[in-house]
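Heads up, the thing below is written out as structure tokens.
Please treat every number below as a calculation from the coordinates, not as lab data. Bear in mind that the values here come from a model prediction, so they are computed numbers and not experimental data. Cβ: placed from backbone, ideal geometry, glycine included. Neighbour counts: every protein chain shown.
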Amino acid sequence: MNKFKGLYFGWYIVIAASVIVLLTTGLRMGIGPFVNPIMDELKLSRTEFSLIVSAGMIVYGIGMLLAGILLKTFHTRFVLLVGLAIVCISIVWTVNSNGMLSFLLSFGVFLSIGLSFLSSITLSPIVSKWFVRQRGKALFYLTTGAMAGIAVMTPAETWLIGLVGWQNTLLLFGGIFIILVLPSAMLIMREDVPAEADGMGAAGKKISREDPAITFKDALMTKTYWKIVFSLFACGFGMNLLGSHGVPMLIDHHFPPMTASFGIGMIGIVAIIGTLFLAQLADRFPRKNLLFIIYFVRGLGFFALVLSMTAWQLFLVSFIGGLVWAGSVAMSTAILGDLYGVRLLGMLNGFAYFVGHQVGAAIGSFMGGWAYEMFYTHFISFGAAGILAILASFASITLPKSLSFSRNIKSEEKRKITVGQ
């Protein structure tokens with residue numbers, strides 16, 4: 001059955017996927033509270049720790065690309081279960097690490113691969129399959145899980161680390177992964193999408209599910225795809241800089257640890273509300289316009305955050321920034337699906353995340369530690385994040401409404417795909 005008590009089954013998939021992304025994003029991007037305890041335990045410098053996190057971001061991107069490829073052959077359920085197994089094994093290895101190399105392999109490499117298999121790259125294609133008319137809204141709700149991960153897990157990790165230590169905190173989250181991911185993968189992630197699921201327009205007109213007859217190479221040959229990749233680079237740079245160095249930066253600026261954690265966590269809390277609001281607009285207005293606003297305001301927010309000197313300034317900036325913190329990934333994914341089709345979405349999204357988002361994440365994570373140790377200021381790294389976000393806003397506003405592909409197929413006809421407005 002595709003409905004249960006009147007609710008379209010696709011929404012159950014969105015709920016389960018959002019919970020999984022909450023855990024994945026919270027553990028990957030909420031690394032800030034772990035920085036100082038792990039550095040003290042393993043005798044690492046901030047640059048060394050940043051290098052490991054950066055390597056993890058690259059591996060995370062490779063894992064996303066691999067997950068996208070696996071989705072072409074296997075079901076979503078298989079990728080999720082493999083990812084869960086890798087995450088659990090990696091967490092046990094990480095808490096028993098006794099040096100930089102062991103920590104690099106366990107936390108930086110294998111945990112990153114496992115988390116990438118549980119990321120939105122694996123889950124956004126199945127959500128996109130179940131939704132056409134409300135695809136933007138559904139993907140925004142998926143993003144809500146990521147924002148909730150930052151909001152909930154950053155202060156929770158800070159509290160738990162102080163209570164039971166960083167090793168036991170990681171083990172606890174490993175158990176939570178098993179409890180929540182396993183039943184979601186086995187019972188909810190269904191691929192049997194009905195032919196007309198969510199496929200009726202506002203006036204009752206059927207929306208076609210047919211994908212354009214293009215190849216992965218065709219998509220890579222378009223400037224539009226690389227504009228999206230650059231925007232995701234800016235997104236990854238800024239979001240992971242904040243996740244890795246936001247709390248340490250605020251502590252260096254003489255904010256108490258819990259104030260710093262709640263300041264960063266507030267971004268995620270407000271982002272949940274902002275995501276729910278933006279979700280109502282995602283399918284009503286041109287997606288590129290929303291993407292422009294999100295990146296532009298976010299760029300200004302990075303400058304304001306690093307210049308905050310008092311608690312009220314910090315919370316005000318976090319509140320305003322949180323309103324637009326979410327949505328860039330959801331809108332980019334929706335645009336990719338609209339322009340290039342759902343059939344290639346896993347691969348296109350995975351590749352864009354690898355060469356764009358995760359390369360940016362690696363550079364941002366490393367630059368946050370390196371620039372501070374070299375120049376004794378966080379303004380260089382956070383200022384760079386602001387500039388990149390503003391540039392991404394202008395790249396986004398220039399995205400086309402449609403793409404035309406000329407292929408040597410039977411009719412030699414030009415196939416045109418129009419972006420959802």
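With each run of n ≥ 4 DSSP H residues scored as -39500 (n - 2.57), what mean residue ellipticity at 222 nm is computed for the chain after dividing by its residue count and rounding to the nearest 500 deg cm²/dmol?
Values: 18 runs with 305 residues, N = 421.
Dividing the helical sum by the residues of the chain leaves -24500 deg cm²/dmol.
For region 127-191, the Kirkwood hydrodynamic radius comes to 14.1 Å, computed from all pairs of different C-alpha atoms. Of the residues Met309, Met347, Met153, the one that moves most in a GNM of the chain with alpha-carbon contacts below 10 Å is Met309.
Extension gain, Asn98 to Ile69, is 7.0 nm, computed as 0.36 nm per intervening residue step minus the present C-alpha separation.
At a 10 angstrom cut-off on C-beta neighbours, averaged per residue, how do the peptides 315-327, 43-55 rank from highest to lowest? Could you put the intermediate results ahead of the total?
On the way: 315-327: 22.8, 43-55: 19.4.
Going by the mean number of other Cβ atoms within 10 Å, highest first, we get 315-327, 43-55.
As a size descriptor, the averaged projected area of the C-alpha convex hull of region 52-124 was calculated at 4.3 nm². With the charge dipole of the chain set up from +1 on Lys and Arg Cβ and -1 on Asp and Glu Cβ about the Cα centre, the Cα lying farthest toward the positive end among the listed residues Val164, Thr143, Pro400 is that of Pro400. In this simple spin-label model, placing a label point 7 Å from the Cα along the Cα-to-Cβ direction at both Leu182 and Asp252 gives a separation of 4.2 nm. Peptide packing: for 104-115, 174-185, 56-67, the average count of neighbouring Cβ atoms within 10 Å per residue gives the ranking 56-67, 104-115, 174-185, highest mean first.
Evaluating kT/(6 pi eta Rh) at 10 °C and 1.306 mPa s, with the Kirkwood radius of the chain over Cα pairs in the Stokes-Einstein relation, gives 74 µm² s⁻¹.
Across the alpha-carbon atoms of region 334-397, the computed radius of gyration and Dmax are 15.4, 48 angstrom.
Between Leu163 and Lys401, the contour length at 0.36 nm per residue exceeds the Cα-Cα span by 80.5 nm.
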